[in-house]
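Below is one structure, written out as structure tokens; the observations come after it.
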Amino acid sequence: MKCLAGALLLFLWLPSAMAQSGAAKGDRELEVWIGGGDSVRIGTVGVRNIAPLNVGLRYGWVLTGPHGPGILRSEFEFAADVVPVFCVFEPGGMAYGVVLDPFVLKWDFRQRRRVVPYFEFSGGSLFTDRDVPAGISQINFASGGAIGAYFLAGKYNWSTEFRYMHISDAGLTESNPGVNTFQVRLAFGIFRPRK
């Protein structure tokens, strides 16, 4: 219950800064999100019956203006994520943790005015108070990718995405089954112009 209460409080916190609609080179992105999903087995890799719920914060930098031909025209963004609420519901109980993603690479496709599709890759570390998966490790790496879309509405932006995340201790322990998750994430954000 503490995990769900913390997730709700953090997601309801909204930054009060002003921002323009969309992003331009040099802008900063501030975002808060909530996401969750379920684990799947891919081939012989992955433990089933594990469900993550997470709430996080993003700070990003739009590094380029729109470039590229036709439908590939995009802006490149670099971001860092902090996930202070990462709950893992697994057989035998719940693990609480935090994720630090020091790099997020994101491409925003700018063909439409109000809807902006994107894809991204990210990676970082997950630290939990119990082994994830059970009996394996409290220190894991969390890498993944996502496809989604921004919905621009005045100074604020909403986004939704479908995310794949792989959780693994990268061989730190003898047994390393890994956890593959598919998640849905809903986010609220703003782009702040560089001053």
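The values are calculated or read from the model by the stated rules, or taken from the named source; none is laboratory data. Owing to the predicted nature of the structure, the values given are computational and were not obtained by experimental measurement. In this analysis, Cβ positions are derived from the backbone assuming ideal geometry, glycine residues included, and neighbour counts consider all displayed protein chains.
Condition test on Ala170, is it in contact with a Phe, Trp or Tyr (Cβ under 6 Å, 6 or more places away or on another chain), under 26 Å from Thr44 (Cβ atoms) and modelled with pLDDT under 95? Step through it out loud before you land on a result.
Numbers: in contact with a Phe, Trp or Tyr (Cβ under 6 Å, 6 or more places away or on another chain): yes; under 26 Å from Thr44 (Cβ atoms): yes; modelled with pLDDT under 95: yes.
Considered against the rule, which asks whether it is in contact with a Phe, Trp or Tyr (Cβ under 6 Å, 6 or more places away or on another chain), under 26 Å from Thr44 (Cβ atoms) and modelled with pLDDT under 95, Ala170 comes out as yes.
Which ranges mark the strands (runs of 3 or more DSSP E) fully within segment 92-195 that have 3 or more residues being without any contact (Cβ under 8 Å) to a residue 40 or more places away in the chain? Can you show your working first?
Details: elements: 93-109, 115-128, 139-153, 156-168, 179-192.
Counting at least 3 such residues, we get 93-109, 115-128, 139-153, 156-168.
One residue is enough: does segment 62-71 have a residue meeting the conditions outside any loop (DSSP other than H, G, I, E, B), buried (at least 17 other Cβ atoms within 10 Å of the Cβ) and among the small types (Gly, Ala, Ser)?
To start, the set of residues in segment 62-71 that are outside any loop (DSSP other than H, G, I, E, B) comprises 62, 67, 70-71.
Those left that are additionally buried (at least 17 other Cβ atoms within 10 Å of the Cβ): 62.
In the following step, the residues that additionally are among the small types (Gly, Ala, Ser) were identified as none.
Within segment 62-71 (the criterion being outside any loop (DSSP other than H, G, I, E, B), buried (at least 17 other Cβ atoms within 10 Å of the Cβ) and among the small types (Gly, Ala, Ser)), the answer is no, since none of the residues qualifies.
Consider Asp129 carefully, then state whether it is of a type in the set (D, E, K, R) and crowded, with 16+ Cβ neighbours inside 10 Å. Lay out the reasoning, then the answer.
Values: of a type in the set (D, E, K, R): yes; crowded, with 16+ Cβ neighbours inside 10 Å: no.
Taking the combined requirement at face value, the residue does not satisfy it.
Can you tell me which residue within segment 38-50, out of those that are in contact (Cβ under 8 Å) with a residue 60 or more places away in the chain and in contact with a Ser or Thr (Cβ under 8 Å, 6 or more places away or on another chain), is farthest from Ser175 (Cα to Cα)? It would help to see each step written out before you state the result.
Going residue by residue through segment 38-50, those that are in contact (Cβ under 8 Å) with a residue 60 or more places away in the chain are 38-42, 45-47, 50.
With the extra rule that they be in contact with a Ser or Thr (Cβ under 8 Å, 6 or more places away or on another chain), the set shrinks to 38-40, 46-47, 50.
Working: Asp38: 21, Ser39: 18, Val40: 18, Gly46: 12, Val47: 12, Ile50: 17 Å.
Ranking the qualifying residues of segment 38-50, first place goes to Asp38.
Any residue at all in segment 170-181 that's in contact with a strand residue (DSSP E or B) (Cβ under 9 Å, 6 or more places away or on another chain) and within 20 Å of Arg28 (Cα to Cα)?
First, pick out the residues of segment 170-181 that are in contact with a strand residue (DSSP E or B) (Cβ under 9 Å, 6 or more places away or on another chain): 170, 172, 176-181.
Imposing the further condition that a residue be within 20 Å of Arg28 (Cα to Cα) reduces the set to none.
The answer is no; no qualifying residue exists.
Go through segment 114-149 and give me each residue that's within 14 Å of the chain's Cα centre (by Cα) and more than 22 Å from Val99 (Cβ to Cβ).
The answer is Ala149, and nothing else.
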